[in-house]
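The values are calculated or read from the model by the stated rules, or taken from the named source; none is laboratory data. Bear in mind that the values here come from a model prediction, so they are computed numbers and not experimental data. With ideal geometry, Cβ positions are generated from the backbone for all residues, glycine too; neighbour counts draw on all protein chains shown. The protein model used for the area step is the full one, side chains on, heavy atoms only, and it has no ligands, DNA or RNA in it. Shrake-Rupley method; radii C 1.70, N 1.55, O 1.52, S 1.80 Å.
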Amino acid sequence: MSSHEQIRLFFGLVMGLSCAIVVYIRKRSRQAGAAYAPLISPLNLLLMLFLFVNLGLLMGFEEEILGFFTQLVLQIGIYYAALLLFLPLLRKIIRPSTVAILWLLPNDLYITIYAYMRPNKPELILPVSARFIRWALPVWGLGFLGFMGWAVIRHLLYRKKLLRDAVPVDDPEILTVWEQEESALGFKNVQLPLVYSAATATPLSIGIWQTTTQVVLPERDYTPEELRLIFRHELIHIRHRDAATKLFLTFCQASCWFNPLMWIAMRKCADDLELSCDELALTDADSQARETYARLVLRTAGDERGFTTCLSVRAKSLRYRLRGIVSERKKLAGGLLAGLLTSALILSSGYVAFAFTPSSGEDVIFQGHSATFEPAFIYSVPDPKWYPNQETFYRCTDSGALTAYLADLTLYRTTDFYDPDEANCLYLSLVRGSQTMSITLYDHLLTVQERNGSQAGRKEMFYFPEKLDRAYLDTLLELEPEE
């Protein structure tokens, strides 16, 4: 195992262990206000991706951005499809709060942006035509922007309608219950507005940031016990940042808008967020409180517009949710599973790459002038990471055959860049006047970098389907005599 692979494995296992510990700590604390805290919040992740894309475009890394997002879309789609398949079993044996966490695990895939978290080489490369890229990317981009744009606009319009004529709650009894629940859930230094609105029939909270969040009550009467349960439910959602989580999940759905499984997965995820909230809201609750909570759910009409959280439930999940409310069943914490899935997600990223625009080596490497290039020097090292100064130098006995072999290669431009870190890869320097082409050859990958005098061009990576014929190349090379 190379040093690069050891670092990747170490970070993947540390991330998995961290997730498992978080789950077990939350289980032992049994505090309704204890929230799952991912290593990065959904909002920060979206901001990071926005900066990553814009900086990449400014620096000319369009292919790398394309590679990252195609891998992200592929991995998220496969993960959520597998989670959907096993969801009925998971809901039976694992606590709802842990099942909700499983939907959020792709939140940690942001770390795979960094070079040290990428594999040395892809295990599967999928060649696609340039024509497909030209029409598929705009279609995907328009679908993504349309989906995300409509979701954000819908949220803003609903928020405006909801709060346009809202009035602050001034009933002392209601405010007393509200303040007690705020204090119990750790909101001692946060003033969350509590308002009435005629535009809703269900209690809900709206706001992506905690500083802009408001808890909204419909214009109807509730008993003190009902208010306590309503407030606890909404405050847990706020503590969990579930509105921001829904924004992140909408981003995932928009990224895979063409995949029907993603639409189903997001509905199931919304149900599990509510089930998790029910579980924490009813921690140590007696049978009477559970019955009161169940009646509240049954008679509350929900409205799922925008990034809101509310007490109501969809009809399709009503039976399952009421069963969990009325009777508390002991289930596994699921920390080990969450940790293993976290490690698996991170360590499996990057092994599928896309390559496009097939070209010949004549065009890519030599720009149509292979006959005029001459090998300047050729060398290999046992392992570039561990033996950087132990090169084995060769000289070429037939430069025409060497350049012809390279010119005949069919090369696909990869959508990502890898550091193969393979022993005995072959380094070539080919010269034509002041122009130098630096080439590194691996089994199925090739990097090329042009240099004109002191000006070095960008290094690019290509994939070729036929395995490198090292035996043939060895017939064209001989060891340089030692001085």
Work out how much length ALA81 to ASP284 would gain on full extension: take 0.36 nm times their residue separation and subtract the Cα-Cα distance, in nm to one decimal. 69.6 nm
Cross-link pairs beyond the 30 Å C-alpha cut-off, checked among LYS188/LYS330; LYS160/LYS188; LYS161/LYS330: LYS188/LYS330; LYS161/LYS330
Rounded FRET efficiency, nearest 0.05, which uses the C-beta distance separating LYS92 from LEU175 and R0 of 56 Å: 0.85
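Calculate, for ALA344 and THR223, the FRET efficiency according to 1/(1 + (r/R0)^6) with r their C-beta to C-beta distance and R0 51 Å; round to the nearest 0.05. All intermediate terms of the calculation are to be shown ahead of the outcome.
Working: r = 47 Å, r/R0 = 0.92.
Calculated transfer efficiency: 0.60.
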In Å², what does the accessible area per residue of segment 64-103 work out to with a 1.4 Å probe? 35
For ALA100, the net charge from surrounding residues (Cβ-Cβ under 10 Å; K, R +1; D, E -1) works out to -4
Paramagnetic label zone (point 7 Å from Cα along Cα-to-C-beta, SER429; backbone N under 14 Å) in segment 337-381: 374-380
I'd like the accessible area for SER370: 1.4 Å probe, protein heavy atoms, all chains in place, Å² to the nearest 10. 20
Most to least accessible of THR98, THR372 (protein chains only, probe 1.4 Å): THR372, THR98
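Please compute the net charge surrounding LEU90, taking Lys and Arg as +1 and Asp and Glu as -1 over other residues with Cβ under 12 Å from its Cβ.
+4
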Report, to the nearest whole %, how much of the accessible area of segment 144-227 belongs to carbon and sulfur atoms, 1.4 Å probe, protein only. 57
Suppose we look only past 19 Å in the calculated P(r) of segment 71-140. What percent of the Cα-Cα pairs does that tail hold? 55
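So which chymotrypsin sites (Phe, Trp or Tyr not before Pro) in segment 71-127 pass both tests, a DSSP loop state and at most 11 other Cβ atoms within 10 Å of the Cβ?
TYR114
Ignoring ligands, DNA and RNA, what percent of the 1.4 Å accessible area of segment 78-126 is carbon and sulfur?
That fraction is 73 percent.
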Between THR357 and ARG295, what length in nm is gained on full extension when 0.36 nm per residue of separation is reduced by their alpha carbon distance? 16.2 nm
